[in-house]
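Below is one structure; the comments refer to it alone.
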Amino acid sequence: MLYKLATRPHWSKNLLTIIFLLQKGNNDLYALAIMRPYMFRMHIWTAINICIVSLFYMLYMSASYPQVGHDYAYFLPRIFDTYLHYQVNGLSIQWYTPSFGGGLPAYSNPQHIQCSLVQLLSAFSNPWQASLSAVIIFISIGYLSTFNLAYRILKLHLFAAHLSALFFVA
């Protein structure tokens, strides 16, 4: 195997890879280090599929923007409340909130999302864009994880792995 690698025209580019793999002795690293001809297609299809699914979710969620769902009517005011807490008290835990009903426990509420990706992203944009961004990030993580499971672990064909990841996130 190493003889075939060393006799390729561009074997000098792979010399450090060969040394590293001989030290580690890991076949998975060998498969990752030596790019196959279809690896470029795999990355292109991954990016295209993630963009299509993310665009669908963005259009689907924004179709009736003011009336977006029962859970957003609950969580968006709490994101604003936590943002106001950060503005007044700095980066600290919000134990109680005076904004709702004359004071409600916030930290002990299991649905409090102070330590979430949406709350982190709402520091840089408005809560609606933060919610959409979080959905896109989670779609990307789910797609890439499912694709990795199907392609690398279950050893499915490239098309079948993309299809299974697309079915999982859709």
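The values are calculated or read from the model by the stated rules, or taken from the named source; none is laboratory data. Since we're looking at a predicted model, the values are computed, not measured. With ideal geometry, Cβ positions are generated from the backbone for all residues, glycine too; neighbour counts draw on all protein chains shown. These area figures cover heavy atoms from the full protein model, side chains too; ligands, DNA and RNA do not enter into them. Shrake-Rupley method; radii C 1.70, N 1.55, O 1.52, S 1.80 Å.
When all alpha-carbon pairs of the range 65-157 are counted, what percent fall beyond 16 Å?
62
Rounded to the nearest 0.05, what FRET efficiency do F167 and L59 have when you use their Cβ-Cβ distance and R0 = 25 Å?
With R0 = 25 Å, the Cβ-Cβ based efficiency is 0.80.
For W95 and I137, what does the FRET efficiency come to when R0 = 35 Å and r is the distance between their Cβ atoms, rounded to the nearest 0.05?
E(calc), rounded to 0.05, equals 0.80.
Taking the mean number of other Cβ atoms within 10 Å as a proxy for protection, how do you rank 90-102, 156-168 from highest to lowest?
156-168, 90-102
L120 versus K155, label points 7 Å from Cα toward the beta carbon: distance in nm?
3.7
Pop out the carbon and sulfur fraction of the accessible area of the range 44-170 as a percent, whole number, probe 1.4 Å.
71
Label-point separation (nm) for I113 and A73, each offset 7 Å from Cα along Cα-to-Cβ?
Distance between label points: 1.6 nm.
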